[in-house]
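Colleague: I have a structure I would like to understand better, so I am pasting it below and will then ask my questions one at a time.
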Amino acid sequence: MFLSMLWITGINPASCKADPVSCKLWAEPLMPDLYMKGDIVMGGNFAIHYYMRSEQNTYTRPPLQPQCSGRSVCDMNFRELRFARAMEFTIHEINNRTDLLPGITLGYQIHDTCFEVLMAVKVAFQYANATVDESYYVPSISDRIKSGLSKRFFFFLFYAELQVSHYATCACLSDKRQYPTFFRTVPGDQNQAAALAKIVKHFGWTWIGAVRSDSDYGNNGMALFLKAAQEEGICVEYSEVFYRTQPRSRLERVANVIRRSTARVIVAFVHEGELRLLLEELTRQPPPPLQWIGSDAWIMDPSFLRFNMCAGAIGFGIPPSVIPGLREFLLDLSPAQALKSPLLTEFWESSFSCSLKGSSEGARECDGSEDIRALQNSYTDTSQLRITNMVYKATYAIAHAIHGVICNDTQCDKSRVNFTTKNGFQVSFDSSGDPVAVYELINWQFKKDGGLDFVTVGQLNVNDLHLSHVYQVPRSVCSESCPPGTRKAVQKGKPICCYDCIPCAEGEISNKTGCVSQFCNVACDSYSLRDSCLPKPVEFLSWDDTLSIILTAFSITGAFIAVCVTAVFYKHRASPIVRANNSELSFLLLFSLALCFLCSLTFIGQPSEWSCMLRHTAFGITFVLCISCVLGKTMVVLMAFRATLPGSNTMKWFGPPQQRLSVLAFTLIQVLICVLWLTISPPLPFKNLQQYKERIILECGLGSAIGFWAVLGYIGFLALLCFILAFLARKLPDNFNEAKFITFSMLIFCAVWVTFIPAYVSSPGKFTVAVEIFAILASSFGLFICIFAPKCFIILFRPETIV
C-alpha cells in the first residue's frame, strides 16, 4: 500500500459542469468500492480481484472503462479484502482518538486494482483530479499494488508529498534520487534475497531452479537473489519468467521445464496470481517432489495451503501481530451493510452461495440465516495478522505525517515519522524510507488432520539469522560429493556445481569430501588410497608401556626400601653404627635417596609443560642433596682422623652445624642453577618430526642446553670431589670407617653417568627417556647398596659385632 497527500489540481469535474465548453469529461469517474467522506480523504488501492474485465475492441465506439471482475467465485481475493477493511478499521480508530488529528475527520476511498497497471494508472489520475469530493483537500491512500504499480503511481502522482506502501518490496524503490517521497512499512527485497541465499546454502542446496514474475517485483527480487546465490557458491539450473496474462503455452513451457529438471529445490519470486496458475498447471501432471523456497509475496498466503505439493515450503514472512478490535470489525457485517457496496455484496454472495435481493441470477436468495462468524476463509482468519499489520502501520504513518504538518504545537516533531502503534509496534523509516528488516522463517508443515499450516522455524533480525529444527531436508545437487581420494573436475560448459570426480595425484590426498586435493603436512602420512592424511603415531614413554611398568616397579621398590632402612636406623638410632659419622646425615641421605627413586617417575607419561620443567629440576636438586650428604659423611671421616692427632682442634670447625650448612650450601647452588635455567629458557615439550619419518617423538626439549649440562656438570663435580676424598680416607683406621664403601658408591655413580651420555645420545625415541631413568635408578641403587647394605646387615644379622 502507498499513501500520498496532494492538493486538488488538474481537471475538476465540477469545473466541467460549470463550463461545459472549456472542458469535457470523456468518461464517468471510477467510483471507489469502499468510501467515507472526511475533512481529509485517504485513498487505498488493493488487488481484491485477480482479473480485469476484458472485451474485444471494435473501434466503432469508445471502449468500456477498465473494471475489475472475477471469472469465477474463486477469483476474489478475500485476504486482500481483509487488508482493505483493515484500512477502514484503522481510520475509524484514528477518528476516535483525541491525541491524533484532533478536530479532523479522516475519510477514505478504496479501489480495486486487480493487479493491473492500467487500473492503477486510472486510479492515480483520479486521485490527482480529486473526483470524489472536490470540496476538500485530498490525500490519497493507495494500493495493495505490487512494486511495479507503486512505481507507476509515483510517476503519475508527482504532486505527492508522501507515499507509504504495505507490500511493495522492490529494492529499486529505496533509491531516493528517483523516489524521494516513497516509504514503506514492509522490508525491501534486498534483505530478503540475501537471507534466502543463506538459507539455501545452510541446507546444502547447491543446485536449484528459479521462477519469477515478469514484473519489477519478480525481476528485481530474483536478480538480487541470484547475485547473492552466486556469492554463496549456489548454481542455478534454469531461471524461468512468466506473467499471468501471457498465453497459456508460456505457462505450460515453464511447467515442463520444472518437471524435466534435476534440481529438487525451486526458488519462486512470484506474485500470488502467477503462482496460483503455475501450481494449478503443475497439478495436471505432478513433477517429482520439490522443495519450494518462497518470497514474502506468497509464502504466508493461506490460500496456497491447499496445494500439498508445496509441503515443506520455506521462506521469510513478516512476524504476526494482534490488532485489538479488528476481528469484531470484520465480523460486524450484515446483509444490509453488504448491499451498500458492490464489493461487499459480491463477498457475501460468493461466501454463502446466495443472492442478495436477486442481484445474482440463478442463485438462491439469501434468507438471513447466513452467519458470517461461521465462515472460515481468508477474510475472517485473523490468527496471523502479518501484512494486515503493515496496512495498519502504513495508515497510522500517514495520519502521523498529516498531524506533523498541521500541528501548531511547538513540541510537534515535524522532521520525521517515528511512533508506536496502538498494538505496540514501533514505526520508523531509515534514510531510504525502509523499516528495520525483521522476518520470521516460515515452514509449511502437515498438521495432525493432514492439512498444511504455517510453522515458524527461525528468525531474521537485521541479517542475524537464527534457525530451529526443520524436518526432512531434501538433497538438491548437480553432482554428488566426490568420494575420498578424488577431486572435482568441472564439466565443460556447465556451472561449477556440476563436476566429475577424478583420483588425486600421487602423493596427494583429499582432506575433505569433494575438496581440491592437498599435500599431507609433516605431521601426517598419505594413505595408500589417497583418501586421507593419517596422523603419524606419537611416541613417548607411556604409563601402560611394559618398560614403564618395570621401571616404575624398580622406582617404587627403591623408595620403599629406603623408607624401611630409615625405620631400622630410627629403631637402632642409639647404636654406635648408626651414630657413627653423624646420624643426621644418614637420615637426610636416606630421605634424598627416596626422592631420587621417586623423581624417575616424572620422566614417564606424555610430556607436558610442567612435567618437563619438573623432571630435570627435581632430578638435579635431589641428586645434589644426596651427594652433598655423602660428601659431608666423607669429610667427617677425614676430619675425625685428623682430630685424633695431638693438639688438633679440627672437629671444632666441622661439627654438626657446619655439616648441615655445607649440605645446604651445596644444594642451594644447584637450586640457583635450576632457577636460572627455568627463567631464561626452560625445558618444554615438543614434537620431534625430524628423527623418524614414520612417527612423531613427543619429548621434552632441553630449552637451554647450557642449563641442562650445568646441572649435570655440577652433580658430576660433587661426585668426583666425593670420590677423591673417599679414596684418600679409605684406609684410615676406624671401626666404622665408611670411606671405602663411599669410594665404591662414587665409582659406580660416575661409571653410570659416564656411560649414560653416549647411550642417551644414541637411544631412539622413547628409549632415550628410558636410558635416563635407568641411569637415575642405577646410580641410586649403587649409592644405597654400597653405603647402607653393610650397616643393615650388621644391625639385623650380626648385632653381636657392634661394640
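The values are calculated or read from the model by the stated rules, or taken from the named source; none is laboratory data. Everything quoted here is computed from the prediction, not taken from an experiment. No Cβ is skipped: glycine too gets one built from the backbone with ideal geometry, and neighbour counts run over all protein chains shown.
Colleague: Which one of these is at pLDDT 90 or above and outside the structural domain of GLY218 (by TED's automatic domain parsing): ARG276, ARG364, ARG327? So that I can check it myself, show each step before the final result.
Modeller: Working: ARG276 fails: outside the structural domain of GLY218 (by TED's automatic domain parsing); ARG364 fails: at pLDDT 90 or above.
After applying the criteria, what remains is ARG327.
Colleague: In the list ALA567, ALA562, which residue meets the criterion of being part of a helix (DSSP H, G or I), modelled with pLDDT of 75 or more, exposed (fewer than 12 other Cβ atoms within 10 Å of the Cβ) and in the same structural domain as SER600 (by TED's automatic domain parsing)?
Modeller: So the residue among ALA567, ALA562 that is part of a helix (DSSP H, G or I), modelled with pLDDT of 75 or more, exposed (fewer than 12 other Cβ atoms within 10 Å of the Cβ) and in the same structural domain as SER600 (by TED's automatic domain parsing) is ALA567.
Colleague: To continue, here is another question. So which of ALA751, ALA705, ALA710 is over 13 Å from ILE627 (Cβ atoms), surrounded by fewer than 19 Cβ atoms within 10 Å (Cβ to Cβ), modelled with pLDDT of 75 or more and over 59 Å from the mean Cα position of the chain (by Cα)? Working first, answer last.
Modeller: On the way: ALA705 fails: over 59 Å from the mean Cα position of the chain (by Cα); ALA710 fails: over 59 Å from the mean Cα position of the chain (by Cα).
Selected residue: ALA751, the only one of ALA751, ALA705, ALA710 that is over 13 Å from ILE627 (Cβ atoms), surrounded by fewer than 19 Cβ atoms within 10 Å (Cβ to Cβ), modelled with pLDDT of 75 or more and over 59 Å from the mean Cα position of the chain (by Cα).
Colleague: For residues that are buried (at least 17 other Cβ atoms within 10 Å of the Cβ) and of a type outside the set (D, E, K, R), scanning just segment 65-80, find the one that is modelled with the highest pLDDT. Give the derivation first.
Modeller: Residues of segment 65-80 that are buried (at least 17 other Cβ atoms within 10 Å of the Cβ), as a first pass: 66, 68, 70, 75-80.
Checking which are of a type outside the set (D, E, K, R) leaves us with 66, 68, 70, 76-78.
Numbers: PRO66: 82, CYS68: 85, GLY70: 63, MET76: 87, ASN77: 88, PHE78: 91.
My answer is PHE78.
Colleague: Let me ask you something else. Quickly run through segment 586-621 and pick out the residues that are surrounded by 23 or more Cβ atoms within 10 Å (Cβ to Cβ) and farther than 14 Å from ILE773 by Cβ.
Modeller: Answer for segment 586-621, where residues must be surrounded by 23 or more Cβ atoms within 10 Å (Cβ to Cβ) and farther than 14 Å from ILE773 by Cβ: SER586, LEU589, LEU590, SER592, LEU593, THR617, GLY620.
Colleague: Under the condition of being of a type in the set (Ser, Thr, Tyr) and not in a strand (DSSP E or B), which residue from segment 292-329 is farthest from ASN96 (Cα to Cα)?
Modeller: Restricting attention to segment 292-329, the residues satisfying the condition of being of a type in the set (Ser, Thr, Tyr) are 295, 303, 321.
If we keep only those that are not in a strand (DSSP E or B) as well, we get 295, 303.
Values: SER295: 37, SER303: 34 Å.
Going through the qualifying residues, I end up with SER295.
Colleague: So which strands (runs of 3 or more DSSP E) are wholly in segment 101-212 and hold at least 1 residues that are surrounded by 19 or more Cβ atoms within 10 Å (Cβ to Cβ) and modelled with pLDDT under 80? Talk me through it step by step, then tell me what you get.
Modeller: Details: elements: 106-112, 139-142, 163-165, 182-184.
Of the strands (runs of 3 or more DSSP E) lying wholly inside segment 101-212, those with at least 1 residues that are surrounded by 19 or more Cβ atoms within 10 Å (Cβ to Cβ) and modelled with pLDDT under 80 span 139-142, 163-165.
Colleague: Residues that are among the polar types (S, T, N, Q), assigned to a loop (DSSP other than H, G, I, E, B) and either within 31 Å of the chain's Cα centre (by Cα) or closer than 27 Å to ASN377 by Cβ (or both): does segment 266-283 have at least one? Break it down stepwise before answering.
Modeller: From segment 266-283, those among the polar types (S, T, N, Q) are 283; that's our starting set.
Filter again for assigned to a loop (DSSP other than H, G, I, E, B), leaving none.
No, every residue in segment 266-283 fails to be among the polar types (S, T, N, Q), assigned to a loop (DSSP other than H, G, I, E, B) and either within 31 Å of the chain's Cα centre (by Cα) or closer than 27 Å to ASN377 by Cβ (or both).
Colleague: Of all the residues that make up segment 204-225, how many are farther than 20 Å from ALA168 by Cα and within 26 Å of the chain's Cα centre (by Cα)? Outline the logic, then answer.
Modeller: Residues of segment 204-225 that are farther than 20 Å from ALA168 by Cα, as a first pass: 204-210.
Filter once more, so that each one left must be within 26 Å of the chain's Cα centre (by Cα): 204-208.
The total comes to 5.
Colleague: Being part of a helix (DSSP H, G or I) and modelled with pLDDT of 80 or more is the requirement here; does PHE774 meet it?
Modeller: Numbers: part of a helix (DSSP H, G or I): yes; modelled with pLDDT of 80 or more: yes.
Yes: the conditions hold for PHE774.
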